[in-house]
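Q: One structure is given below, represented as structure tokens, and several questions about it will come after.
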Amino acid sequence: MLQITLGIITSVGGFLEIGSVTTAVQAGASFQYQLLWAILLGTICLIFLVEMSGRLAAVSKHTIVEATRERFGFPFFFIVLVGMVLVAFLVLVAELGGIGLSLQILTGIGFPWWAIPVSFIVWILMWKGTFSLIENGASLLGLVTLSFAVAAVKLHPEWGGVAHGMLPTFPGDQKAKYWFVAVSILGASISPYLMYFYSSGAIEDEWDESYIPINRFISTFGMSLGGFLSMAVLVVAALVFHPMGIDIQKFEQASLLLTTALPKWGFFLFAMSMLFACLGAALEISLAIAYFFAQGFGWNWSEDLNPARDARFCSTYTIIIMLAAVPLLFGVDPIRVTIMAMALTSATLPLAIVPFLFLMNDPIYLREHRNGWISNTVVAIIVLISFVLAVISIPLEIIGG
Amino acid sequence: MKRFLVISIALVAACKSPTPTEQMDSIQSWLAAAGMVGDAWLRHTTPDKYSRQTLDLTRETLLQLARDLLKAPPHSVDSVALRLVLTRSREHVARMARLIEEKNAPDFARQLDSLRADRRVIKLLFDSIESGQ
Amino acid sequence: MKLVRDVLDKELLDREEEPMGRVDGLLMHVGKNSQPRVTHIDIGGPVPWERVHPFFGRLSRRLAQLWGPKRREQVRIPWSRVETVGRDIKLDVEARETGAIDWEIWIARHIIEHIPGSGHEEAGDGH
């Protein structure tokens, strides 16, 4: 029971981060409830993908990365590595920036000044922490994001409109922006690094076939709660910013999100929510990138080992975190990086998902626990939609300025 | 290499600047956000430093947006009136930021009301652009 | 046994079940009057990079000369040392003696152990 609860908390705490919040706020401010369907679609896809990640690890005792290298060989694995690591790195820059921005609005000290302290804190948590501490600690802190749900309910949204937003609609105007934000939402929801992290976690926690039902429960309820929180962010933004015609461009503007519904604590709850959510995400992404290298090349790896026992694994996340701080030191806007990273995630999803679907249908790895036609169909369709939308809308958004 | 350069130049040339409508939308959005910050500060729901810094950011952004818009103002608008109200709204935002430092809520509230009045004027000018199209 | 499916790119474990890399390449002997047979497993070095493209193989060689343990010979394990082939491949060798984890030891010794909290004083196998 404890394991299930912790697993769900992990999923909730890990879902919200700067990407999902930024895209949801922009969607609500610009298009009211119209883009709720994108969050719904992304969440459904993620539920399937996370469940599959856990099932692969539990049955085959392989992480996704290990299985990808073994099944497809080094040359193909290298292409996936480059694509996934580059995009994950951008997301890491965004998350570290998110922590910096949260500290900026709380203290008045600009986010570039926070780049080094924040990176150091993320690094020290990984250096000294264990997998359980990171997984559970960050997620428990991330529960402060429940304040978004509280705010949404307190603002008394028109529930009919909210329900209507769950169905895809075509935009009236600002078409290029609408589809670009939709693509960014999908990229924010369907994050490959979550899959790699989850499958590695299942191996770290020594899952076996008996964990399959628990895995299904955790992925369904955990990701659903996370998606629900993202929708809450969109609903609040729709009620607070849209009527005033505010188009959210900067984090400082987004920081007002909870001040209407929760006057006394709203500002601080937003800052703390973003701080903890981005911290959790930064830890997960750093680990996911290090796992990618270590598992792919056959190094010793585990967050539970002392760094001296898995030197290359620890060097990898150390270098990654240091490099991710550099753009922030130079004042690169984390929000811009976020939007770009989310859209690029959508565009590169097939690189992660197509080999993964092959693995999930391979009897050598999954035996009788292979994917059914529903899993294959749902994932394939949603990823195809994300990719097509990304390929069309990214150039349109660039051209449209 | 040549082909790549040609395509890049074409793409860059295709990157159009925002239209006057989009520029006015942006200005209105920033002014609305400044109003929201002002309301929040008066209700003591946001800290002084954050409120002041956000208003400073607003002023800088409005300056840039106004410069871009006034380079080629729309034909159907009184550009003198537009320039005047944009300058005035920036001054209101700047004064609001200073009044936060002085913790002078009554004068701040008056500046906020003036800012709202400027927003209404800008909206009227914006509507005249739309109807002129 | 299917070499590509069951052997190539599989994880290698030594006698102590410590990871020592992956099967990056296989050396085979093709005799005139005999069946081709695997003679050695290649680990690391330029081998996996050459599979991507010869350019990466050359780059890998050049970088390895500039930095790190500067090992000259390719890490090559005789096939006779293979104990079992399953989820991973277990070898009857000591990882440390093969040179397969030279990079791991070098990075641990030259970088990681100088950082406080690395836990190297607790590591039983001692670097």
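Q: With respect to residue A:160, is the statement that it is without any contact (Cβ under 8 Å) to a residue 12 or more places away in the chain and in a helix (DSSP H, G or I) true?
A: Details: without any contact (Cβ under 8 Å) to a residue 12 or more places away in the chain: yes; in a helix (DSSP H, G or I): yes.
The answer is yes for residue A:160.
Q: Would a scan of the range A:235-256 turn up a residue that is touching a residue at least 60 places away in the same chain (Cβ under 8 Å), surrounded by fewer than 22 Cβ atoms within 10 Å (Cβ to Cβ) and more than 14 Å from every other protein chain (Cβ to nearest Cβ)?
A: Taking every residue of the range A:235-256 in turn, none turns out to be touching a residue at least 60 places away in the same chain (Cβ under 8 Å), surrounded by fewer than 22 Cβ atoms within 10 Å (Cβ to Cβ) and more than 14 Å from every other protein chain (Cβ to nearest Cβ).
Q: Does the range A:324-335 contain at least one residue that is assigned to a helix (DSSP H, G or I), touching a Leu at 6+ places or on another chain (Cβ under 7 Å), within 13 Å of chain C (Cβ to nearest Cβ) and in contact (Cβ under 8 Å) with a residue 60 or more places away in the chain?
A: No, that holds for no residue.
Q: A follow-up question, please. Tell me which residues, restricted to the range A:260-275, are polar (S, T, N, Q) and not in a loop (DSSP other than H, G, I, E, B).
A: Within the range A:260-275, just A:273 meets the criteria.
Q: Also: Give the residue, chosen from A:153, A:118, that is part of a helix (DSSP H, G or I), crowded, with 17+ Cβ neighbours inside 10 Å, more than 14 Å from chain B (Cβ to nearest Cβ) and in contact with a helix residue (DSSP H, G or I) (Cβ under 9 Å, 6 or more places away or on another chain).
A: Of the residues listed, the single one that is part of a helix (DSSP H, G or I), crowded, with 17+ Cβ neighbours inside 10 Å, more than 14 Å from chain B (Cβ to nearest Cβ) and in contact with a helix residue (DSSP H, G or I) (Cβ under 9 Å, 6 or more places away or on another chain) is A:118.
Q: Next question, about the same structure. How many residues are out of contact with any strand residue (DSSP E or B) (no Cβ under 6 Å at 6 or more places or on another chain) and crowded, with 18+ Cβ neighbours inside 10 Å when one looks only at the range C:39-59?
A: Selection size over the range C:39-59: 6.
Q: Also: Hey, any hits in the range A:295-314 for a residue that's within 19 Å of residue A:111 (Cβ to Cβ) and either in contact (Cβ under 8 Å) with a residue 60 or more places away in the chain or in contact with an Asp or Glu (Cβ under 8 Å, 6 or more places away or on another chain) (or both)?
A: No: the range A:295-314 contains no residue that is within 19 Å of residue A:111 (Cβ to Cβ) and either in contact (Cβ under 8 Å) with a residue 60 or more places away in the chain or in contact with an Asp or Glu (Cβ under 8 Å, 6 or more places away or on another chain) (or both).
Q: Provide a single number: the residues in the range A:189-219 that are within 16 Å of the chain's Cα centre (by Cα), in a helix (DSSP H, G or I) and within 11 Å of residue A:50 (Cα to Cα).
A: Qualifying residue count for the region: 9.
Q: Got a number for residues in the range A:279-315 being among the hydroxyl-bearing types (Ser, Thr, Tyr), crowded, with 23+ Cβ neighbours inside 10 Å and either more than 13 Å from residue A:85 (Cβ to Cβ) or more than 20 Å from the chain's Cα centre (by Cα) (or both)?
A: Residues meeting the conditions: 0.
Q: Here is a further query. Among the helices (runs of 4 or more DSSP H) confined wholly to the range C:1-106, which include 3 or more residues that are more than 13 Å from chain A (Cβ to nearest Cβ)?
A: Once the helices (runs of 4 or more DSSP H) in the range C:1-106 are filtered for at least 3 residues that are more than 13 Å from chain A (Cβ to nearest Cβ), what remains is C:54-66.
Q: Give me the residue from the range A:257-270 that is buried (at least 23 other Cβ atoms within 10 Å of the Cβ) and more than 7 Å from every other protein chain (Cβ to nearest Cβ) and, out of that set, farthest from residue A:157 (Cα to Cα).
A: First pass over the range A:257-270, keeping only residues buried (at least 23 other Cβ atoms within 10 Å of the Cβ): A:257-259, A:266-267, A:270.
Subsequent filtering for residues that are more than 7 Å from every other protein chain (Cβ to nearest Cβ) retains A:257-258, A:270.
Details: A:257: 15, A:258: 14, A:270: 20 Å.
Once the filter is applied, the top-ranked residue is A:270.
This table checks each residue for (1) surrounded by 20 or more Cβ atoms within 10 Å (Cβ to Cβ); (2) more than 7 Å from chain A (Cβ to nearest Cβ); (3) in contact with a His (Cβ under 8 Å, 6 or more places away or on another chain); (4) at pLDDT 80 or above.
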| position | (1), (2), (3), (4) |
| --- | --- |
| B:1 | no, yes, no, no |
| B:4 | no, yes, no, no |
| B:16 | no, no, no, no |
| B:21 | no, yes, no, yes |
| B:29 | yes, no, no, yes |
| B:38 | yes, yes, no, yes |
| B:48 | no, yes, no, yes |
| B:68 | no, yes, no, yes |
| B:71 | no, yes, no, yes |
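Q: On to the next question. Among the numbered criteria (1) modelled with pLDDT of 95 or more; (2) among the hydroxyl-bearing types (Ser, Thr, Tyr); (3) buried (at least 20 other Cβ atoms within 10 Å of the Cβ), which single criterion is violated by residue A:107?
A: So the condition that residue A:107 fails would be (3).
Listed here are the residues, each with its yes/no results for (1) at pLDDT 90 or above; (2) farther than 15 Å from residue B:26 by Cα; (3) of a type in the set (D, E, K, R); (4) touching a Pro at 6+ places or on another chain (Cβ under 6 Å).
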position	(1), (2), (3), (4)
B:80	no, yes, no, no
B:86	yes, no, no, no
B:91	yes, yes, yes, no
B:97	yes, yes, no, no
B:100	yes, yes, no, no
B:111	yes, yes, no, no
B:117	yes, yes, no, no
B:125	no, no, no, no
B:131	no, yes, no, no
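Q: Moving to a separate point now. Pick out the one residue from B:42, B:55 that is among the hydrophobic types (A, V, I, L, M, F, W, C), modelled with pLDDT of 95 or more and surrounded by fewer than 21 Cβ atoms within 10 Å (Cβ to Cβ).
A: None of the other options fit; the residue is B:42.
The values are calculated or read from the model by the stated rules, or taken from the named source; none is laboratory data. Here the structure is a predicted model, which means the values were calculated and not measured. Glycine also receives a Cβ, built like all others from the backbone with ideal geometry; neighbour counts cover every protein chain displayed.
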